[in-house]
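Please read the structure below before turning to the comments.
Just so it is clear, none of the values below were taken in a lab; they were calculated from the coordinates. None of the values given here were measured: they were computed from a predicted structure. Positions of Cβ are generated from backbone atoms using ideal geometry, with glycine treated the same way; all protein chains shown enter the neighbour counts.
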Amino acid sequence: MTVTDAVPAAEIGQSRRRKEDARLIVGRTRWTDNITLPGMLHIAILRSPMAHARITSIDVSPALESPNVVAAFSGRDLAAEQGSLPCAWPVTPDMVTPDHPALAVDEVHFSGEAVAVVVARDRASATDALEAIEVEYEQLPVVLDMEEALADGADLVHSDKGTNRSFDWIFDAGEAGTGTSTDEAFANAEVVVKRRFVQQRLIPAFMEPRAVVCDPTGDVLTLWSSTQVPHILRLMLALTTGTPEHQVRVVAPDVGGGFGGKLQVTPEEVITFIVGKRLGRPVKYNESRSESLLAAHHGRDQIQYLEIAATRDGVVQGLKVKLLADMGAYLGLVTPGVPILGAFMFPAIYKMPAYRFECTGVFTTKAWTDAYRGAGRPEATFAIERLMDELAAELGMDPLEIREKNWIKHEEFPYTTVAGLEYDSGNYEAATAKAKELFGYDALRREQQERRDRKDPVQLGIGISTFTEMCGLAPSRVLGSLSYGAGGWENASIRMLPSGKVEVVTGSSPHGQGHETAWSQIVADQLGVPFEDVQVLHGDTAVSPRGLDTYGSRSLAVGGIAVVKAAEKVVQKARKIAAHMLEANEDDLEFTSGAFAVRGTPDAKKTIQEIALATFAAHDLPDGMEPSIDADATYDPDNFSFPHGTHLCAVEIDTETGHVGIRKYACVDDIGNVVNPLIAEGQIHGGLAQGIAQALYEEAIYDSDGNLTTGTFVDYLVPSAMDLPHFDTEHQSTPAPGNPLGVKGVGEAGTIASTPAVVNAVVDALRPFGVNDVRMPCTPERVWRALNERGSDGGDRAAEGSIAYGGAQNAPAAGGA
Amino acid sequence: MNRIHVNVDGVSYTDDVEPRQLLVYYLRDRLGKVGTVVGCDTSNCGACTVLLNGRSAKSCTVLAVQADGGEVTTIEGLAENGTLHPVQRAFHEQHGLQCGYCTPGMIMASVDLLKDNPDPSEAEVREGIEGNLCRCTGYQNIVKAVRAAAADMRQGVQQ
């Protein structure tokens, strides 16, 4: 009998209030910027005002004359130590990877790139002294448009590379043996629908700006950073700077959000590390919001060329996807891998015989892109869900009907898709039926018709998104087959303290997800100890030496399972000692609610706490047994998990002003079993907010000189409470068969699902006016232009020739704007 | 340097500050009140919100010298004698926070909102906290928390 069978799930499934809150609601927090060390100095960074330029001369010495300044360095000063920032995901063997110095040495390749640093007694003095640094730039041509960047004779971002093309990556189901020939499918197709969609550039915009503190005193260099990935950062800092790994400790204390934006090895971390090491004194760098928006990595930014083939009655026959993915100026930690993760999700929940995916990574003179909530999967989901609506419109079918016709039925799981993934479980029919009811689908459709009939200036649109995603990154073997530089396992250990309290060490480093609470619930059930008696430790490589951190909706489905495995080992060890203490045979013991009892004589029992104390004393243990019941487990999943859901959005559009308001948003998500419904629902809410923000509000815009014009929260529109609706959320649970908790993953679901639901609703409202696409974000201006300029998708956010014109928004094929 | 006298969370301080020093940096760097945080540089995010003479203020938009003679309450001074303020309690109960970075400012802004409107509708809460950005929660549970706190506080007054 295993512990999983024996213990009733008392804690799992409860909406426990979070342990984390106790410190967060009273301001007793440990953000990196809160750290002050004796003699600590402050770093300020001078950033390039040019998008692309040669640094012809740089002189930092005048800064040394400023009050309180201790040191100043240019890229040339640090060139020997700083190495090149790592890219851990070479997606093809011949991928073009430019050199990526933390501090630019000879050239800058995007506006905001770090070129020099000043170190002073306080932040204000350091910032003041930046003005004294003398830099001369020789301007080079900017490269802003991906389609133009690939043309013959295009200006180059990295002239030494001879191309703006980083890689071409292809998946062809016919060649891979997971499907049939795409060419044949399209040649024989009764209907083909082609579209070009633009995934605008976004900025993760976590609320806590990034901060780094380096303490070089002592034998081990300690770096605190507001990072999602302390373990990865430790290894990469060691490799990048040539510092022995065992002499580097990284701590992620309280981290104020990440959303992929802190899944990086940043120039600022490397600079702070090197400067601290050089000066032998603690140093701190804390970015401003403008610096964060300029120079922390961006997300999305793809042009998607899509073709879908179908029969007249709406059965999908094949899908062709061509992506241009904007890398920006450099390749970050997983930049090239982001669109490749998406490759597997374009077929989504639909059965189709043929599929081909091609992706070209393109360099431009903009901030580099990398993971942002969903990372490749929102882009794919948007494309396919928009395309299914377009196919339905082409065929005159109901968009829900065409989905039903093509999706995988619940009895068909496990199902291997045309992209080669084995979907573990799900029930799209049930989730959709439940969502329709929650939404009031039929009534809203009736109202839509009424508004159309009476030519109401406020039109109603209904958008559908039936999505799935791959969570639980990731089986190490799969990552290996995709040339990723690391595995996808996770580690946990459990320490039984003499007093019966429990320490759980996790390698999954949270930044708002509530691991301390959820892991406590898991351990309380596994070991039968009180929830309050569990302390979860994380985020410090000296405390939690092994881990692969938090991203890709992996924490529970991988890290949580590692906790279960460690607990099972604790119980196994404790069983031997219990048997010895009770003078019974191990096989006669039952472990229930935290105690071992002899079967048939329930009064003879030993609690796990008593066993922990006896183990500590070690006076009388079974012969040959070491005095410890602590355990450690590393879990590597066999497969991803595949949460899914049906999201429905109703928008009201004022056809006179172009204003879009969300009338109703309802969704039913299937994330498998739920450990803490309160936390899971919160993750859905936050995800929805970010996905809706992509649909309606957010866009990073560069002007024609390559300057970011959305470099503050005045211009980059993170939605406020006024900009978002109430969400009606429910869930259904199809337990994941691949792990003992039956959990799937929830962190990215809302973001992945909601963007196409909103845009489909916008297009649905406008379709009677001849509109079949509106570019994101669907601002009033774009909606108005789509309505008033025939064949337009709303075009660029600003008119041609104006200062905000340029970049990916500047695509020639885009509409009639 | 200018000399200021300011009461922060019930303690009186006298300090010489640079005229350009912002209140938030005075609180954080000089007084060690690091519970109040900085989230932006344009007064959009509200993470730095405190009560200045009883009304909410974004402490990144106030000079320390402007607080001279005044009274500041930060998130660290909101609980009284170890008892959480009803708004703090409601944020915990309703799961109105995730990473917690916006939380100090969000709570202080909500406290001020409830002074003006002890029974706000959902729309009024959304409008009232419009100046505070949260990236994690989608605001739904924050709105719930503020309304739950309002109900608690109204009941408290009646008792």
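What the table below lists for this structure:
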| quantity | calculated |
| --- | --- |
| Test result for A:Thr266, of a type in the set (Ser, Thr, Tyr), crowded, with 24+ Cβ neighbours inside 10 Å and within 14 Å of chain B (Cβ to nearest Cβ) | no |
| Those residues of segment A:673-705 which are facing chain B (nearest Cβ under 9 Å) and crowded, with 20+ Cβ neighbours inside 10 Å, in sequence order | A:Ile679, A:Glu681, A:Gly682, A:Gln683, A:Ile684, A:His685, A:Gly686, A:Gly687, A:Leu688, A:Ala689, A:Gln690, A:Ile692 |
| Strands (runs of 3 or more DSSP E) wholly inside segment A:28-136 containing at least 1 residues that are within 14 Å of another protein chain (Cβ to nearest Cβ) and buried (at least 21 other Cβ atoms within 10 Å of the Cβ) | A:41-47, A:114-120 |
| Set A:Ala650, A:Ala574, A:Ala612: member being under 41 Å from the mean Cα position of the chain (by Cα), buried (at least 20 other Cβ atoms within 10 Å of the Cβ) and under 30 Å from A:Lys409 (Cβ atoms) | A:Ala650 |
| Selection within segment A:349-383 - assigned to a strand (DSSP E or B) and among the hydrophobic types (A, V, I, L, M, F, W, C) | A:Ala354, A:Phe357, A:Cys359, A:Val362, A:Phe363 |
| Enumeration of residues in segment B:88-120 that are closer than 25 Å to A:Pro204 by Cβ, of a type outside the set (A, V, I, L, M), at the interface with chain A (Cβ under 7 Å from one of its Cβ atoms) and out of contact with any strand residue (DSSP E or B) (no Cβ under 9 Å at 6 or more places or on another chain) | B:Phe91, B:His95, B:Gln98, B:Cys102, B:Thr103 |
| Residue in segment A:326-336 that is outside any helix (DSSP H, G or I) and more than 30 Å from A:Val212 (Cα to Cα) present | no |
| Filter result (of a type in the set (D, E, K, R), within 11 Å of another protein chain (Cβ to nearest Cβ) and not in a helix (DSSP H, G or I)) within segment B:41-79 | B:Asp41 |
| Identity of the residue in segment B:121-159, touching a helix residue (DSSP H, G or I) at 6+ places or on another chain (Cβ under 6 Å) and not in a helix (DSSP H, G or I), that ends up farthest from the other protein chains (Cβ to nearest Cβ) | B:Asn132 |
| Residue within segment A:475-489 that is buried (at least 24 other Cβ atoms within 10 Å of the Cβ) and not aromatic (Phe, Trp, Tyr) present | no |
| Failed condition for A:Leu708, given (1) among the hydrophobic types (A, V, I, L, M, F, W, C); (2) crowded, with 18+ Cβ neighbours inside 10 Å; (3) in contact with a helix residue (DSSP H, G or I) (Cβ under 7 Å, 6 or more places away or on another chain); (4) within 12 Å of another protein chain (Cβ to nearest Cβ) | (4) |
| Residues within segment A:737-762 that are among the small types (Gly, Ala, Ser) and over 21 Å from the mean Cα position of the chain (by Cα), tallied | 3 |
| Meets criteria (closer than 21 Å to A:Arg775 by Cα and touching a residue at least 40 places away in the same chain (Cβ under 8 Å)) for A:Tyr355 | no |
| Selection from segment A:512-537 of residues that are farther than 23 Å from A:Leu341 by Cα and within 14 Å of chain B (Cβ to nearest Cβ) | A:Gly512, A:Gly514, A:His515, A:Glu516, A:Thr517, A:Ala518 |
| Matching residues in segment A:137-168 - criterion: being surrounded by 13 or more Cβ atoms within 10 Å (Cβ to Cβ) and among the hydrophobic types (A, V, I, L, M, F, W, C) | A:Leu140, A:Val142, A:Val143, A:Leu144, A:Met146, A:Ala149, A:Leu150, A:Ala154, A:Leu156, A:Val157, A:Phe167 |
| B:Asn141 being within 12 Å of the chain's Cα centre (by Cα) and buried (at least 22 other Cβ atoms within 10 Å of the Cβ) | no |
| A:Lys277 basic (Lys, Arg), more than 14 Å from chain B (Cβ to nearest Cβ) and touching a residue at least 12 places away in the same chain (Cβ under 8 Å) | yes |
| Scan of segment A:719-732 for residues that are in contact (Cβ under 8 Å) with a residue 12 or more places away in the chain, surrounded by 21 or more Cβ atoms within 10 Å (Cβ to Cβ) and either under 21 Å from the mean Cα position of the chain (by Cα) or not in a strand (DSSP E or B) (or both), ordered by number | A:Leu724 |
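Per-residue answers, yes or no, for (1) surrounded by fewer than 19 Cβ atoms within 10 Å (Cβ to Cβ); (2) under 32 Å from the mean Cα position of the chain (by Cα); (3) among the hydrophobic types (A, V, I, L, M, F, W, C); (4) not in a loop (DSSP other than H, G, I, E, B):
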site	(1), (2), (3), (4)
A:Arg403	no, yes, no, yes
A:Glu411	yes, yes, no, yes
A:Ala419	no, yes, yes, no
A:Gly426	no, yes, no, no
A:Ala430	yes, yes, yes, yes
A:Ala433	yes, yes, yes, yes
A:Glu437	yes, yes, no, yes
A:Glu447	yes, no, no, yes
